[in-house]
Every structure is written in C-alpha cells, then in structure tokens.
Amino acid sequence: MRTHRLLPSLLLLGSLALATACSSGSPGTASGTATARPGASAAPSPTRTVDPARIKGLQIVSDNSESTSCAWATSYPDVPGATAMTAEMKKDVQWRLAAFRASCEDGSASDDGGELNISHQFLVASGDVLGVRLTTLGGSGAGSGLGRRTYWYDGGAGRSRTALDLVDSGSREAFLAALRSGLEGREGTDPDTLDQAFGDRSALTGELDDMAFTATGGLRVTFDPGAVGAGAAGSYVVTLPKATVTPWLSAFGKRVQEQSVSPSGSLDLGATATPTPAVPTHTASGDDDTDCEQVKCVALTFDDGPSATYTATLLTHLAQYDARATFFTVGQNVVAHPALVRAEVRAGNEVGNHSYSHPDLTKLTAEEVAYQLNRTSAAIKAATGQAPTLFRPPYGAVNSTVRQATRLSAVLWTLDTEDWKYPDAARVAQSVISKVKRNDVVLLHDIHPTSVAAVPQILRTLSAQGYHFVTVSHLRATM
Ligand code: ZN
C-alpha cells in the first residue's frame, strides 16, 4: 500500500460523489477523488455490495483506542480459509498501528492530526474468490496519509494474490499503456510524473494495489493521492471497460470478474473448519421496572462491538445476573454480525450508535458525520427492527457540528475503565469496583477478552452492594 503524506486541501464529499459518478459513466477516464479525514470515505463505489453477514465464520478483528490524545481505530476481516490473506492484512495493520502508537509516544502524532483509521470493505465474497479493500486514513511518519489496498484470495489455488495478479503477466504492457492513456491530460498529471510512476516496473505491485471490478465487469484502478499526480488533486481513478480489459485478465482475474458481475452467492474457500459461534437466546422478561430513585443504579456500556468472539460470552454473563447494559455498536461490525445485535436487544439491552468506522467525528463535515451515523442507525434498524436513539461519539469527541448533524442524543461516560489500554481483567474489574458511584455510566469495550472476563466479578461484587444494572435510556428516564 503506497501512501503519501496528507495535504490539507483535498476535495470534499460532494465533489467526490460527482467525480465517481463521472468515472463510472465514462469508462477509460480518470477522476481526481480524495478525502482527507478518517471516516470521510463515503465514496459510493460502482462495485456490487457484499453482505458480510452471509460469510460463514467471519470475524472482524478490531482494535481501537478511546482517547483523543492518541486516536486510532483499526479493523480487518478474518475469513475462514483465507489464512494467508488474513495474515497479510494483519501484518500491514499492525505495522501501521505500531508506527502510529510510537509517534503518539514521542509526540509527533499531533502533527498529522493525531488519528489513524483503518477500515475494511468487502469487494467480492462468492465462489472461490474473496476480495477486501483496506482504507487507511491519517497515521504518522512513514506511510501516513490516505492509502487503499485491495487484498485477493484465490480459493482454487489456495493462495493470496495481489491486485496486479488480476492481469495476465503477458498483457501487462498493454494494460499499463491503457492506464497511462486514461491518465494523460488529467488535471494535476504531466508526462514527467507519469514517466516516473510507470517507469519503475519493480514498484508496480505496490503502486497498482487498488483494483476491483465494477458490477458491469470493468476494471476500476485507483491511484492514491500523489502516486500519479499532485497530491492535492487527490486520488485518480481509471476504469477500463469490460471489453477492453477482459482479454488482458489472468485466469484468476477472469474468475474474479465473473463473481463480481454475477456472484454465485456462497463463498467456499475450502476451509477445513468454519467456526459457527452460538448466538445466545436469553430473553428479557418484559420492561425493566427498576426505580433508580429508590435503588442504586449503574449503567454499564460496551463500545466498539459486536465481536463474533466475545459478545456472546458477555451476553451470557449479563443474563446470569439479570443485568441490562447498553451496547454502542460500530456499523461495520453490525453488518457483519446482525444476529448478535438482535441477541443484545432480545436480552433487554439497549443498542446505540458508535459510528460506522470509528473516526473522530469532530474532524468531519456535517454531511460526513450524518453519513457515519445514518449508515449505522440503518444497519441497527435492519438487524433489530428498532432504530437507536443514542450515540456515543468515538473518543468522546463531540462538538456543535456533530450535535447538529444528528437527532441522536450524545452519551459520554462518568467512569472510564481504560480497559482498551490495560488488557488485564483483574485491573478492569477493580477499576470499576473501587470507583463506582450511584448512577455512573461506565465505559467498557466488548472487543477485548479481558474486558468481558472482568464482567462477572463486576456484576457479582456490585450486586452484593445493592447495585442494579440498567440501560442508559432507563437511567436517564428514571433519574
Ligand atoms: Zn470506541
């Protein structure tokens, strides 16, 4: 994933959508498209939508901080069978995160806006073909800026592939010539920059690392900002129409094209074992009649999930103590695991909105904030039948633009466990037990096993002290 340092004056969302529409409508043309801020990547893609809930055994691997002083959120999918591809994504994500966290510690992160965001998108998941795009925004030091990379897995061959592997090696020169002619004359490019970009054949795998087929079989190639033109002009997109590109495709590329145009529906990568995590069936017995004026209440809140690995266990812990909680879910995890969100509601818990890809909302425009929140509310409503009424801004970062962009009510917290920073169940439990006060809103995260493991001790100890565990809306309504 070749990336370039962020420039301040990149294009905004409106022109982004327009440019994308132009490029899909007139094949062979290139468009400047860019977005500068994490979470602002609302570009409608002319590729088909993949429903990740249909991918058996899918786990989304997320790791987020919850502090504006070192704000990061990373995610990538772990699909059974695609082990080598998962390992590549993990390596790239961990490398970027380690560099960013080091820059937080030495204080240089704030030079770049102090935020790293890596989100994922499924491009194809059917037949024996899997394609995922990771979008990196922000970061610090080497490799910072905007970067997109597509990762491909060939289930037939049992190996991961690069984007350039979609093209047959014997047709590379013709393919490159077509890409170059699609870029020539575009604002921000000139023959020298194109010579430079296309001159070094050994760097092409890194340069041409974002390719995907459109729903009509064209190949859409995206160049990161600065790769083939002035960084301020943003990304460049060249879409080669189906008739042009098909003769140049590799056998794998042809299979990906076929599954992009007419998905066969089910994904089979030949995994020997596909975990099918049980979804808890706990059902709440009616409305909660706890009177928080009469008894001691506390609202436990769990952010960043649902997690295929840990949320089910958490629901079982809560049910054992008749405890209700509030889950501030991240949209990209909701669409992957809607059954877990349904299970949260069925057990009497409240589900709130924690944005789609966990950006600092205060760095986005009102339109981008609305996009992050609306897309997530729609996913929650699709999963549970109920739209949320509450949202928790990632990192607790909220301002008037954010508040005005949504009708959801913002919920922060009164007790911070810092569980994301200290993965130690005993420490997390103690941080709640030693500090809790009546009517506290406690911040926890159900993407960490140590946080979930801390919950039984929290519930046991506080129950014995007379605490009742209620949702945030219940606490607000009865106070
Ligand atoms: Zn969060």
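Might you tell me the accessible area per residue for the chain, computed with a 1.4 Å probe and given in Å²?
Values: 18710 Å² over 479 residues.
Counting only protein heavy atoms, the per-residue value for the chain is 39 Å².
Once you order the gyration tensor axes a ≥ b ≥ c over the Cα atoms, which shape class does segment 306-376 get: rounded for a/c under 1.5, otherwise prolate or oblate by comparing a/b with b/c? Don't skip to the answer; put the middle values down first.
Numbers: a/c = 2.81, a/b = 2.32, b/c = 1.21.
Prolate.
Mind pulling the angle between the C-alpha long axis of helix 83-106 and the longest principal axis of the chain? Nearest 10 degrees, somewhere in 0 to 90.
70
Mind listing the phi-derived Karplus ³J(HN,Hα) values for segment 279-290, rounded to whole Hz, using 6.51, -1.76 and 1.60 with θ = phi - 60°, and x for any glycine or proline?
With the stated coefficients, segment 279-290 comes to 9, x, 10, 4, 10, 5, 8, x, 6, 7, 9, 4 Hz.
Output ³J(HN,Hα) for segment 174-179: one whole-Hz value per residue in order, computed from phi by the Karplus curve 6.51 cos²θ - 1.76 cosθ + 1.60 with θ = phi - 60°, and x for Gly and Pro.
Working through the residues one at a time gives 5, 4, 5, 4, 5, 5 Hz.
Over the alpha carbons of segment 296-478, what is the largest minus smallest coordinate on each principal axis, giving the biggest first in Å?
Result for segment 296-478: principal-axis Cα extents of 46, 33, 31 Å.
By how many nm would the segment from Ala215 to Glu173 grow when fully extended, if each residue of separation counts as 0.36 nm and the alpha-carbon distance is taken off?
On the way: separation 42, 0.36 × 42 = 15.12 nm, distance 2.52 nm.
Difference between extended and current length: 12.6 nm.
For segment 54-166, report the translational diffusion coefficient in µm²/s to the nearest whole number, using Stokes-Einstein at 25 °C, 0.890 mPa s, and a Kirkwood Rh over Cα pairs. Intermediate results must be reported in sequence, preceding the final value.
On the way: Rh = 14.7 Å.
Answer, rounded: 167 µm²/s.
Of Lys90/Lys254; Lys56/Lys91; Lys90/Lys421; Lys91/Lys435; Lys242/Lys381, which ones are farther than 31 Å apart at the Cα?
Values: Lys90/Lys254 27 Å; Lys56/Lys91 23 Å; Lys90/Lys421 20 Å; Lys91/Lys435 38 Å; Lys242/Lys381 37 Å.
Those over the limit are Lys91/Lys435; Lys242/Lys381.
Skipping prolines and chain starts, which residues have an amide H placed within reach, meaning under 5 Å, of the one on Asn353, given they are 5 or more residues away or on another chain?
Sorted by chain and number, the residues that satisfy this are Thr329, Leu390, Phe391, Arg392.
List every residue whose amide H lies under 5 Å from the amide H of Leu249, counting only residues 5 or more places away in sequence or on a different chain, with H placed 1.01 Å from N in the peptide plane.
Answer set, sorted by chain and number: Asp168.
Mean 1/r over all different Cα pairs, inverted: what Kirkwood radius does the chain give, in Å? All intermediate terms of the calculation are to be shown ahead of the outcome.
Details: mean 1/r = 0.0429 Å⁻¹.
It works out to 23.3 Å.
Amide H to amide H under 5 Å from Lys296: which residues, 5+ apart in sequence or cross-chain, H placed 1.01 Å off N in plane?
His468
Of the accessible area of segment 152-253, with the probe set at 1.4 angstrom, what percent is carbon plus sulfur? Please list the in-between numbers first.
Values: 1840 of 3720 Å².
Reported share for carbon and sulfur atoms: 49 percent.
Rounding to the nearest 10 and keeping the result within 0 to 90°, find how far the Cα-based axis of helix 311-320 lies from the longest principal axis of the chain.
Between the helix axis and the principal axis of the chain, the angle is about 10 degrees.
Below 8 Å, C-alpha to C-alpha, sequence gap of six or more: please give me the relative contact order for the chain in percent. Numbers along the way, then the final one.
Values: 1088 pairs, mean separation 83.1, N = 479.
Computed value for the chain: 17 percent relative contact order.
Return P(r) of segment 186-319 (all Cα-Cα pairs; 5 Å bins starting at 0; whole %; ordered from short to long distances).
Calculated over all Cα pairs of segment 186-319, the distribution is 2, 7, 10, 11, 10, 9, 9, 8, 8, 8, 7, 6, 4, 2, 1, 0 percent.
Which value, in debye to the nearest 20, describes the size of the charge dipole of segment 296-478 about its Cα centre when Lys and Arg Cβ atoms bear +1, Asp and Glu Cβ atoms bear -1, and nothing else is charged? Don't skip to the end; give the middle numbers.
On the way: 17 positive and 14 negative charges, 93 e Å.
Using only the charged Cβ atoms, the result is roughly 440 debye.
Calculated from DSSP H runs of 4 or more alone, at -39500 (n - 2.57) each and per residue, what is the 222 nm mean residue ellipticity of the chain, nearest 500? Please list the in-between numbers first.
On the way: 15 runs with 156 residues, N = 479.
Helix-only estimate at 222 nm: -9500 deg cm²/dmol.
The values are calculated or read from the model by the stated rules, or taken from the named source; none is laboratory data. Just so it is clear, the model here is predicted, and its values are computed rather than measured. Positions of Cβ are generated from backbone atoms using ideal geometry, with glycine treated the same way; all protein chains shown enter the neighbour counts. Protein only, heavy atoms only, side chains kept; ligands, DNA and RNA dropped before computing areas. Shrake-Rupley method; radii C 1.70, N 1.55, O 1.52, S 1.80 Å.
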